[in-house]
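Here the structure comes first, spelled out in structure tokens, and everything after it is commentary.
Here, each number is a calculation from the coordinates, and none is a lab measurement. Everything quoted here is computed from the prediction, not taken from an experiment. Virtual Cβ from ideal backbone geometry, glycine too; neighbours counted across all protein chains shown.
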Amino acid sequence: MTQQKARHLVCCCCGSDAGRWEQWHNQDKGFGLCGSCAIRIKTKSIDDELRSPLGFSRTYGLPGVNFEPTEYQQHYGRHFAVVASFPCGEQGEKEANEFMEWFTDTAVLGEFDGRIILALASDEGKIAVGPMNV
């Protein structure tokens, strides 16, 4: 993924403010995704492709790059934006590896509560100053 300049985006789903993020190539100019719609699409979409981490990211981009992160994982006292999450086990490992092949700037943060958590390789984690979705 090439580094782009962050720009103010409007949510392509609800029309609200989507924040200041890099434009994802699959969206019309000036449009992105707000955090509320990201959660709704990931959990309630009738489209199986959009419910899968890889399908969702191919359509909307990556949290922390193209839209506001909606989930964080605490690790060594820091909070990392969760890019994708997969169940531990052979199938989850396969899906996590496929995701990292598509998005080469992601890496395994670790296994937490039976899930393989991926984060941006460049994410150094943030020290929480307020409530975070952990």
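Descending by average beta-carbon neighbour count within 10 Å, the peptides 103-112, 75-84 line up as 75-84, 103-112, the highest first. Each Cα pair under 8 Å and six or more residues apart adds its sequence gap; the mean of these over the residue count of segment 10-104 is a relative contact order of 22 percent. For the chain, the Cα-based Rg and Dmax, in that order, read 14.4, 40 Å. Total lysine pairs in the chain at Cα distances under 23 Å, for residues eight or more apart or on different chains: 4. Extension gain, residue 90-residue 7: 0.36 nm per intervening residue step, less the Cα-Cα distance, totals 26.0 nm.
The GNM of the chain, with springs linking C-alpha atoms under 10 angstrom apart, assigns the highest mean-square fluctuation among 58, 20, 40 to 40. Would you please state the base-10 log of I(q)/I(0) at q = 0.19, 0.24, 0.28, 0.29 1/Å for segment 72-120, with intensities from the Debye formula using one equal scatterer on every alpha carbon? The Cα Debye sum returns log10 ratios of -0.54, -0.82, -1.05, -1.10.
With bins 10 Å wide beginning at 0, the percent of Cα pairs of segment 12-91 falling in each bin runs 18, 49, 27, 6.
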